[in-house]
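The values are calculated or read from the model by the stated rules, or taken from the named source; none is laboratory data. Because the structure is a prediction, the values reported are computed rather than measured. For accessibility, only protein heavy atoms count, side chains too; no ligands or nucleic acids. Shrake-Rupley method; radii C 1.70, N 1.55, O 1.52, S 1.80 Å.
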Amino acid sequence: MNRTCGLPLTLYNKVKQYDRGPNNGAIDDNQDGKVDQYEAFGYWDFEQLIRVFRSGDPYQEYKWTNIETCYVFNVKALDYLEDLSQAVLYQTCREFTFQVISPSGQNMGVGAGKACRNFSTHRWEIL
(Lines give C-alpha, C1' and ligand atoms only; values in the text may rest on other atoms or scores of the structure.)
Protein backbone atom coordinates (compact mmCIF):
# COMPACT_ATOMS: atom_id res chain seq x y z
CA MET A 1 0.00 0.00 0.00
CA ASN A 2 1.47 3.34 -0.92
CA ARG A 3 1.55 6.35 1.35
CA THR A 4 -1.61 7.83 -0.23
CA CYS A 5 -3.81 4.77 0.49
CA GLY A 6 -4.20 4.16 -3.24
CA LEU A 7 -5.88 7.55 -3.75
CA PRO A 8 -4.76 10.01 -6.41
CA LEU A 9 -2.21 12.39 -4.90
CA THR A 10 -4.39 15.45 -5.57
CA LEU A 11 -7.35 13.93 -3.70
CA TYR A 12 -5.12 12.74 -0.86
CA ASN A 13 -3.64 16.24 -0.48
CA LYS A 14 -7.10 17.86 -0.50
CA VAL A 15 -8.28 15.61 2.34
CA LYS A 16 -5.00 16.02 4.24
CA GLN A 17 -5.47 19.82 4.40
CA TYR A 18 -8.68 19.51 6.46
CA ASP A 19 -8.70 19.36 10.24
CA ARG A 20 -9.79 15.78 10.78
CA GLY A 21 -10.28 16.14 14.52
CA PRO A 22 -8.26 15.31 17.61
CA ASN A 23 -7.87 11.62 16.72
CA ASN A 24 -7.60 11.60 12.94
CA GLY A 25 -7.03 7.90 12.59
CA ALA A 26 -7.80 4.86 14.62
CA ILE A 27 -5.45 3.25 17.10
CA ASP A 28 -4.98 -0.28 18.37
CA ASP A 29 -6.96 0.27 21.60
CA ASN A 30 -6.76 -3.31 22.85
CA GLN A 31 -3.07 -3.56 21.85
CA ASP A 32 -3.43 -6.87 20.04
CA GLY A 33 -1.12 -5.75 17.22
CA LYS A 34 -3.79 -4.95 14.62
CA VAL A 35 -6.54 -2.42 14.06
CA ASP A 36 -9.82 -4.32 14.45
CA GLN A 37 -12.98 -3.31 12.58
CA TYR A 38 -14.31 -1.36 15.60
CA GLU A 39 -10.97 0.32 16.20
CA ALA A 40 -10.83 1.35 12.53
CA PHE A 41 -13.42 4.06 13.13
CA GLY A 42 -11.62 7.28 13.96
CA TYR A 43 -13.06 10.72 14.71
CA TRP A 44 -13.11 11.60 11.00
CA ASP A 45 -15.12 8.49 10.17
CA PHE A 46 -17.75 9.20 12.81
CA GLU A 47 -18.13 12.73 11.46
CA GLN A 48 -18.65 11.32 7.96
CA LEU A 49 -21.33 8.97 9.31
CA ILE A 50 -23.12 11.87 11.01
CA ARG A 51 -23.12 13.79 7.72
CA VAL A 52 -24.69 10.81 5.96
CA PHE A 53 -27.36 10.42 8.67
CA ARG A 54 -28.12 14.14 8.76
CA SER A 55 -28.29 14.96 5.07
CA GLY A 56 -27.36 11.95 2.94
CA ASP A 57 -29.67 10.97 0.12
CA PRO A 58 -31.67 7.83 0.92
CA TYR A 59 -30.23 4.66 -0.64
CA GLN A 60 -27.18 6.55 -1.96
CA GLU A 61 -23.92 4.75 -1.23
CA TYR A 62 -21.24 6.94 0.36
CA LYS A 63 -17.64 5.82 0.28
CA TRP A 64 -14.54 7.33 1.86
CA THR A 65 -11.00 6.38 2.77
CA ASN A 66 -9.50 7.27 6.13
CA ILE A 67 -6.11 8.62 5.01
CA GLU A 68 -4.52 7.86 8.38
CA THR A 69 -5.47 4.17 8.52
CA CYS A 70 -6.21 3.52 4.80
CA TYR A 71 -9.45 1.77 5.79
CA VAL A 72 -12.25 2.19 3.24
CA PHE A 73 -15.82 2.76 4.45
CA ASN A 74 -19.01 2.21 2.47
CA VAL A 75 -22.23 3.44 4.08
CA LYS A 76 -25.79 3.58 2.80
CA ALA A 77 -28.55 5.21 4.87
CA LEU A 78 -32.15 4.40 4.16
CA ASP A 79 -34.95 6.94 4.25
CA TYR A 80 -35.92 8.80 7.43
CA LEU A 81 -38.48 7.03 9.57
CA GLU A 82 -40.46 7.80 12.67
CA ASP A 83 -39.76 5.03 15.15
CA LEU A 84 -42.41 5.18 17.86
CA SER A 85 -40.76 2.28 19.69
CA GLN A 86 -37.87 4.60 20.65
CA ALA A 87 -37.95 7.02 23.56
CA VAL A 88 -39.67 10.27 22.67
CA LEU A 89 -36.34 12.08 22.17
CA TYR A 90 -35.13 9.50 19.61
CA GLN A 91 -38.02 8.92 17.23
CA THR A 92 -36.50 10.35 14.03
CA CYS A 93 -34.28 7.55 12.77
CA ARG A 94 -32.48 6.10 9.77
CA GLU A 95 -31.45 2.51 9.25
CA PHE A 96 -28.11 2.04 7.51
CA THR A 97 -25.75 -0.57 6.12
CA PHE A 98 -21.97 -0.46 6.26
CA GLN A 99 -18.86 -2.23 5.06
CA VAL A 100 -15.27 -1.69 6.23
CA ILE A 101 -12.33 -2.80 4.05
CA SER A 102 -8.78 -3.02 5.44
CA PRO A 103 -5.76 -1.59 3.61
CA SER A 104 -4.94 -5.12 2.38
CA GLY A 105 -8.43 -5.47 0.86
CA GLN A 106 -9.80 -7.72 3.60
CA ASN A 107 -13.48 -7.31 4.47
CA MET A 108 -13.29 -6.29 8.14
CA GLY A 109 -17.00 -6.03 8.71
CA VAL A 110 -20.33 -5.70 7.06
CA GLY A 111 -23.63 -5.11 8.75
CA ALA A 112 -26.58 -2.89 9.47
CA GLY A 113 -27.64 -0.56 12.22
CA LYS A 114 -29.93 2.26 13.22
CA ALA A 115 -29.14 5.87 14.01
CA CYS A 116 -31.61 8.24 15.64
CA ARG A 117 -31.57 11.98 16.17
CA ASN A 118 -31.82 13.34 19.69
CA PHE A 119 -34.69 15.82 19.56
CA SER A 120 -33.20 18.17 22.15
CA THR A 121 -29.56 18.23 20.99
CA HIS A 122 -30.17 17.46 17.30
CA ARG A 123 -27.17 15.07 17.41
CA TRP A 124 -27.38 11.74 15.61
CA GLU A 125 -26.52 8.70 17.69
CA ILE A 126 -26.04 5.09 16.65
CA LEU A 127 -28.32 2.90 18.72
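Worth a mention:
- Applying the criterion of at least 2 residues that are β-branched (Val, Ile, Thr) and either open to solvent by 50 Å² or more (accessible area, probe 1.4 Å) or at pLDDT below 95 (or both) to the strands (runs of 3 or more DSSP E) found wholly in the stretch 23-109 leaves 92-101.
- Asp19 modelled with pLDDT under 85 and either among the β-branched types (Val, Ile, Thr) or open to solvent by 40 Å² or more (accessible area, probe 1.4 Å) (or both): yes
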